[in-house]
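Scroll down for the structure; my scribbles are underneath it.
The values are calculated or read from the model by the stated rules, or taken from the named source; none is laboratory data. Owing to the predicted nature of the structure, the values given are computational and were not obtained by experimental measurement. Quick reminder, even Gly has a Cβ in these numbers, built from the backbone with ideal geometry, and neighbours come from all protein chains shown. When the accessible area is computed, the model is the full protein with side chains, heavy atoms only, and any ligands, DNA or RNA have been set aside. Shrake-Rupley method; radii C 1.70, N 1.55, O 1.52, S 1.80 Å.
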Amino acid sequence: MSVHPVVASVTERIIERSAVSRRRYLALMERNRQKGISRPRLACGNLAHAMAASGEDKARLMRGGGVNLGAVTSYNDMLSAHQPYARYPDQMKLFAREVGATLQVAGGVPAMCDGVTQGQEGMELSLLSRDNIAMGTAIGLSHGMFEGVALLGICDKIVPGLLMGALRFGHLPALLVPAGPMTSGLPNKEKQRVRQLYAEGKVDSSALMEAEAASYHSAGTCTFYGTANTNQMMVELMGLMLPDSAFWNPNSRIRQALNRKAVHRLVEISRPGDDHRPLAHLVDEKAIVNAAIGLLATGGSTNHAIHLPAIARAAGIAIDWSDLDELSSAVPLLTRAYPNGAADVNAMQEAGGLPTLIAALCEAGMLHQDILTVSKGGFADYGCRARLEGEALLYSAARASADRSVLRDTKDPFRKDGGMRLVQGSLGRGIYKTSAVDEDRQTIEAPAAVFHTQDDVIAAFKAGKLNRDVIVVVRFQGPDANGMPELHRLTPALAVLQDKGYRVALLTDGRMSGASGKVPAAIHICPEAQSGGPIARIEDGDMLRICALRGEIEALVDPAVWERRQIATPPLPGAGTGRELFTLMRSRSDTAEKGGSAMLAALEDVMESHGAELDKEKIHARHDNAGRRDDQMSGHSGTGDSGSVTGTADRAGAGRGRVDHA
């Protein structure tokens, strides 16, 4: 089937917009391949340091010539999503030895949880941690000891950061190894009900604590469809992990079988030859568009309106919110998972999961099926369901949804659009997630109540000062101001006001969680207040309009009065809880629409300075294969054409080796 015309048009626009930056990126990756640091170029003293503690792998590393994988891990045992990674390196070393390879942990990166830091000073480090993770990934890989890269990460900023760092070593193959969501606990809708009761003062903190602990109860990601689970979906739709590996629970036999197969496959694509698959050629414009389509089709986290442009920029690709908005007009919403419905991600997996979703999108021509993937059979493999028979990992064609209240096809979607809109006007540009908001609340016109912290909003709410129609404005929350913390703590209070019958909305240059819920919100507003954006001119009582239907955010103030307004004075930079260490990153960040990153802004300056010399360099012939179907490439036996991915026969995956619990 041919690609949908809107998908084709947006993709072509991105390719044209990115032509210079993408070519320079690929030229730099080719320079890395030809001249960059690598094991064959290391002196004996360098190698001795790197092998000193490698135990039984030391002899193989000393011989050289084989594949040595570098794992970059986000393990810590404080956070449920990352706790399963404790045992991964030791297990993955065994899996690598099975196919004549070795594996070393290249380095660790921080993994912070927005759920822990919500409403706390530490939340101001959250988005900034993404750049820190990218830098940490680059530091680990800078030793030049590796032929392939295993990325062990799963949550909010961690996966984008890992990809951004690995993409600067894009001459190496890389594969993401997920850990999966925790099993279902207290339903997310019930948890939210208790939160709202607590906000109203109707239950005490012990009842709230019981509800929270019953919801977040074991190892794995949170079960709502927020940023962490959206990460896994997007990476799978980009072809950067094994098919159907996103949403199996930790500590299950199939999870370990998938991990084993992932290591074996990473070794295969890291060896020289026709099956060598550098990350730089997997993450192309079409893969980025596939990720965006998955984001829209599943009603994923608005945080990826920031993260996806940042990942793309790390690969020399430029996308913006106009691209997301146009795609959203054509891509139907096919899932209902909390906060867009009552079900959680485990219910989505049981209904058919990503294979069923991918098969449906492919049948409608909504995805690029001619992308290069880590899976040998190409993108066709991603419409197949994994299962265990004994100890063998097998795949078979995805079946129709087993629960149409959770997962549907394009013939009968939940919505005809993807539920994410660009809103723009006299107040700048922002993102509005429509998929969780009732139709009759998608246009709100009300007076402004202006705040500079979410604590001040909560105080006004508790004092009864917001019991009216109101658009709550929270500014100086952008990446350049204070690192763009999530303002998820506001959701219960605003939901209470809405349930009382008031017309309520939020307007902010900050972020909201992927679980931000039913309150209308225009977020990520840019230019942000710290940069003198129009949001800094708003005063209490100004009439504002937020309209998702027409894509508008407007100040309904006399233009002459508006022009005379003074820009509000920014608050002092945050200090304490380590925030002062990140001042340099905060004060030089670019806009949320470009990814909200000081690191990427400076990176692009350097790339521009090297532009003339990179433009003269030849790109390795392997670039000719990027974006082509695997069955068009010599040595590839895949079936990744543009037709339907359904109907694929069973085929073996991890083989019949020993499969223990992870």
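A compact table of results
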read-out	value
Residue-level accessible surface for Cys222, protein heavy atoms, 1.4 Å, Å²	40 Å²
Segment Asp469-Thr569, length gained on full extension (0.36 nm per residue, minus Cα span)	33.3 nm
In nm, spacing of pseudo-spin labels at Thr583 and Thr183 (7 Å Cα→C-beta vector)	5.0 nm
Partners for Lys58 among lysines (Cα-Cα distance below 23 Å; same-chain residues under 8 apart left out)	Lys93
Mean Cα-pair separation over length for segment 188-253, i.e. relative contact order, pairs under 8 Å, 6 or more apart, %	22 percent
Whole-percent carbon and sulfur share, accessible surface of the chain, 1.4 Å	53 percent
Segment Met78-Ala213, length gained on full extension (0.36 nm per residue, minus Cα span)	47.2 nm
Net charge of neighbours whose Cβ lies under 15 Å from the Cβ of Gln232, counting Lys and Arg as +1 and Asp and Glu as -1	-2
Euclidean distance between Cα centres, segment 19-69 to segment 462-517, Å	48 Å
Reciprocal of mean inverse Cα separation for the chain (Kirkwood radius, Å)	25.2 Å
Environment charge at Ser322 (Cβ cut-off 12 Å; Lys +1, Arg +1, Asp -1, Glu -1)	-1
Cleavage-rule hits (trypsin sites (Lys or Arg not before Pro)) in segment 544-608: DSSP loop, at most 14 neighbouring Cβ within 10 angstrom	Arg550, Arg588
Segment 371-440: trypsin sites (Lys or Arg not before Pro) falling in loop per DSSP and having at most 10 other Cβ within 10 Å	Lys411
Per residue, in Å², the accessible surface of the chain once ligands and nucleic acids are set aside, probe 1.4 Å	36 Å²
The chain - share of DSSP beta bridges that are antiparallel (%, nearest 5)	50 percent
Rounded to the nearest 20 debye, dipole of segment 1-45 from Cβ charges on Lys, Arg, Asp, Glu	340 debye
Set of lysines near Lys462 by C-alpha distance (under 28 Å), chain-local residues within fewer than 8 positions excluded	Lys189, Lys191, Lys202, Lys433, Lys500, Lys518
MRE, 222 nm, helices only [DSSP H, n ≥ 4, -39500 (n - 2.57), over the chain, to nearest 500]	-10500 deg cm²/dmol
Length added when fully stretched, Ala48-Glu439, from 0.36 nm per residue minus Cα-Cα	134.3 nm
Charge tally in the Cβ shell below 15 Å around Leu208, where Lys, Arg are +1 and Asp, Glu are -1, Leu208 excluded	0
